[in-house]
Structure formats: C-alpha cells, structure tokens
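**Student:** Please see the structure below; I have some questions.
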Amino acid sequence: MSVSNDSEGSPNRTTIDENNSVVPSAVLFALGVVGNFIALCILYRHKHNSNRVSVFYVLVTGLVWTDLLGKLVVSPMVLACYITRQRLAHGMQCNAFGALMVFFGLCSMFILLAMAVECWLSIGHPYFYQRHVNRRKVLLMFPFIYLFSLLFCALPLILGDEFGKYKTYSPHTWCYIAMKRPHHMYSVLFGSLTGLLILLIVAFNLSVMISLLKMYKLSRKQKIRCASFEGAENQRVRAPHNGYAEEIDHLVLLALITVIFIICSVPVTVRTYIGASQVSDNDEAKDLLALRFLSVNSIVDPWVFIIFRTSLFRMMAHKLYDKLCHTRARHSVQQGTPDKPAQQQDLAA
C-alpha cells in the first residue's frame, strides 16, 4: 500500500501517483455489487417461496439494500478519480464523499444491531416478541435509522472545522473523518458511538448463542434419556438434531457475522482514540488500513449470507453438529454394561 506524505499540504499537486492502480478498487467494487445482487436474488426467491416472510429476512433485505446503495453511490467516485488520474477535490466534493461513507457505515451498524436485538427477543423473550414485533414496525424503523445517520454525518458541516472535518486519505481518491488534533472531537464521538454499537451487537449475539447452547444441552439430555428407556441407540444420535435445524442456522450465522464485524470495525474505533492524542499525520498508513477494514465489511456481509444459504454449507454445519452429538452418545452408551437395565445405563451415563 502506497501512502503519500503530502496528504493535504500540496495544493499544487492534483494528480494521483502513477504507481496506484485502479484494479484493487475495481475488484472490490465488483465483488460488492455482485455479492449484494446475488443476495437480493436469494431473498427475492425466499419471499416468493415462503408463505410468510420473517422479520429477520426484512432486516437482512434492508442491510443488503443499504450496502448495495453505498457501493453504487460512493465507489464510482473513487473509480472516476483513478480513470482521470485526478485527486478528490477538497471542499464540497470531499465533504460529500466523507459524509456518505459515514452515513452508509452507520446505517449498516444500526441494522446489524436491530438484527441482533430481533434474534435476542425471538429466542429469549418469545411472548413479548409475538405480541410487539412485526414487519410493519420494523419497516418504520428504517427511516429513523437513516435520519439519525444523516444528521450525525452532517455534524462537521454544521458545527465547523473546530468540531471536526473530512479529509482526503492516500492515494487521495477518498475522504473520511479527520482523526488528528485539532479536529478530533467528531472522530472521538464517532469512535465512541461505533464502540457502543459494537459492544451492544456482541452482547446481544453472545446472549443468543448462550441461550441456544442451553437449549441444545437441555434437549440432548431429555431426548437421550427417552432413547435409553426405549433401547434405541440410533435415536440417541439423531434426537438432538431433530427440530433444531433453524436454531443451528441462527447460531452459525450469528457467530460468523459477529466475528467478521469485530474484525472490520474495531481497528477504526481504536484509531480514532489514538489519533485524538496526535497532531501529525505520521501514522496515516495505519489510519488508512483501519478505514479499509471498515469498508470491507459491507463487501463481505452479502457473501457470508450467500455462502451460508447454500445447502452444502448448511449440511456441513449440521453434520458437524451431528458428529459431536454422536460422539457424546457413543461415549454414554459405552459407560453402561450389557446386564444393566436401560434406565441404569442412562443414569450411569
């Protein structure tokens, strides 16, 4: 990665370094657009094949549409800079680019939080979920998310440079929040907000995972006990899996989204706090790396959903779970002796 030393201090230079190629940006743009388009096709097919579309799929559809619009609005500006070999201009053009980056990033984070809360309510508080959560209320939530994100990304433009501003980052084809003094107040506020969102998403997802694991453990104990009374070892193996395919899918998907979200979001949050104590741009390479991690999240999200929706991936996840259950069931059977009644074998196991 090539980083120039004249981030904003060379007004006479307006061209991009010839060593910077358009290929990486073009490839990421293509992957993002194709991935989101395929994900939308899968969601559209699911809508027509299902009698009732769940709230979870409404949120997933909103996330995919948000990521796709972000790619279609922001990425062409970057590609145009590479094609014309001209840097992104300071002022209105840079402010618009940076505000759009913050806007779509915050929208995606809030939708991910809504997905985590939806799963937490549906599994941990099903009675409240059935009475108060529906598709109409979820659809009304999107305008509030977009409005809050719009107001937040406009704060530097309203309050002035003393509060915060957007600046170009090498290779000067895109803009984002300035993280260094004396414009650090907005970056610290942004880092605090994203940090809070990350903690909430992780907390809700971990709570869902723990609840599901407890459900699996309780179901396994109950069904293995029933199988021991019937003397059917094959039921010991299959019983834990029956009726829990959807919960297994939720567990795997939540784990993948949570891990990827942490990897992509934590670096930029950390850099905002580090940058608040610095004045120079000597660490611009680290800032740029953190920002690219954040931008990759919207590209990876649809592909995670696509891979997860394939029958092969879900079959492998279920087989892995069945294998673990089979190992535990066989270990329980081997602990009993042939001359013991089935009930005593179960107690011994």
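Listed here are the residues, each with its yes/no results for (1) more than 20 Å from the chain's Cα centre (by Cα); (2) buried (at least 18 other Cβ atoms within 10 Å of the Cβ); (3) closer than 15 Å to F56 by Cβ.
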position: T84; (1), (2), (3): yes, no, no
position: M92; (1), (2), (3): yes, no, no
position: L106; (1), (2), (3): no, yes, no
position: M109; (1), (2), (3): no, yes, no
position: G124; (1), (2), (3): yes, no, yes
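Listed here are the residues, each with its yes/no results for (1) among the basic types (K, R); (2) within 15 Å of N297 (Cβ to Cβ); (3) at pLDDT 90 or above; (4) open to solvent by less than 60 Å² (accessible area, probe 1.4 Å).
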site	(1), (2), (3), (4)
V23	no, no, no, no
G32	no, yes, no, yes
L43	no, no, no, yes
T66	no, yes, yes, yes
G70	no, yes, yes, yes
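**Student:** May I ask you to say which residue of G32, G98 is under 18 Å from S295 (Cα atoms) and touching a Lys or Arg at 6+ places or on another chain (Cβ under 6 Å)? Lay out the reasoning, then the answer.
**Tutor:** Details: G98 fails: touching a Lys or Arg at 6+ places or on another chain (Cβ under 6 Å).
After applying the criteria, what remains is G32.
**Student:** Give the residue, chosen from I123, I145, I201, that is assigned to a helix (DSSP H, G or I), under 25 Å from A255 (Cα atoms), at pLDDT 90 or above and of a type in the set (A, V, I, L, M).
**Tutor:** Values: I123 fails: at pLDDT 90 or above; I201 fails: at pLDDT 90 or above.
So the residue among I123, I145, I201 that is assigned to a helix (DSSP H, G or I), under 25 Å from A255 (Cα atoms), at pLDDT 90 or above and of a type in the set (A, V, I, L, M) is I145.
**Student:** Just to verify a result, which residue in segment 33-53, among those that are closer than 28 Å to L150 by Cβ and touching a residue at least 60 places away in the same chain (Cβ under 8 Å), is farthest from the chain's Cα centre (by Cα)?
**Tutor:** V53
Residue-wise test of (1) of a type outside the set (S, T, N, Q); (2) within 23 Å of S108 (Cα to Cα); (3) modelled with pLDDT under 90; (4) outside any helix (DSSP H, G or I).
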| position | (1), (2), (3), (4) |
| --- | --- |
| S2 | no, no, yes, yes |
| D6 | yes, no, yes, yes |
| P11 | yes, no, yes, yes |
| N20 | no, no, yes, yes |
| L28 | yes, yes, yes, no |
| K47 | yes, yes, yes, no |
| V53 | yes, yes, yes, yes |
| F56 | yes, yes, yes, no |
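**Student:** Out of the residues in segment 167-189 meeting the condition of being of a type outside the set (K, R) and open to solvent by 10 Å² or more (accessible area, probe 1.4 Å), tell me which one is farthest from the chain's Cα centre (by Cα). Let's see the steps before the verdict.
**Tutor:** Of the residues in segment 167-189, the ones of a type outside the set (K, R) are 168-179, 182-189.
From the residues that got through so far, the ones that are open to solvent by 10 Å² or more (accessible area, probe 1.4 Å) too are 174, 182-185, 188-189.
Details: W174: 22, P182: 32, H183: 28, H184: 26, M185: 26, V188: 22, L189: 21 Å.
Only one residue fits best here, namely P182.
**Student:** Suppose the filter is under 30 Å from E162 (Cα atoms) and at pLDDT below 75; does D249 pass it? Outline the logic, then answer.
**Tutor:** Details: under 30 Å from E162 (Cα atoms): no; at pLDDT below 75: yes.
The answer is no for D249.
**Student:** OK, next. Restricting to segment 254-289, name every residue that is of a type outside the set (S, T, N, Q), within 19 Å of the chain's Cα centre (by Cα), at pLDDT 75 or above and buried (at least 19 other Cβ atoms within 10 Å of the Cβ).
**Tutor:** Within segment 254-289, I257, F261, C264, V268 qualify.
**Student:** Among the residues in segment 55-63, are any out of contact with any Phe, Trp or Tyr (no Cβ under 9 Å at 6 or more places or on another chain) and surrounded by fewer than 14 Cβ atoms within 10 Å (Cβ to Cβ)?
**Tutor:** No: zero hits.
**Student:** Based on what the data block shows, is F128 in contact with a helix residue (DSSP H, G or I) (Cβ under 9 Å, 6 or more places away or on another chain), buried (at least 21 other Cβ atoms within 10 Å of the Cβ), part of a helix (DSSP H, G or I) and not β-branched (V, I, T)? Give the steps one after another, and end with the answer.
**Tutor:** Details: in contact with a helix residue (DSSP H, G or I) (Cβ under 9 Å, 6 or more places away or on another chain): yes; buried (at least 21 other Cβ atoms within 10 Å of the Cβ): no; part of a helix (DSSP H, G or I): yes; not β-branched (V, I, T): yes.
It is false that F128 is in contact with a helix residue (DSSP H, G or I) (Cβ under 9 Å, 6 or more places away or on another chain), buried (at least 21 other Cβ atoms within 10 Å of the Cβ), part of a helix (DSSP H, G or I) and not β-branched (V, I, T).
The values are calculated or read from the model by the stated rules, or taken from the named source; none is laboratory data. In this text the structure is predicted, and so the values were computed from the model without any measurement. Note that we place each Cβ from the backbone using ideal geometry, even for glycine, and neighbour counts take in every protein chain shown. The protein model used for the area step is the full one, side chains on, heavy atoms only, and it has no ligands, DNA or RNA in it. Shrake-Rupley method; radii C 1.70, N 1.55, O 1.52, S 1.80 Å.
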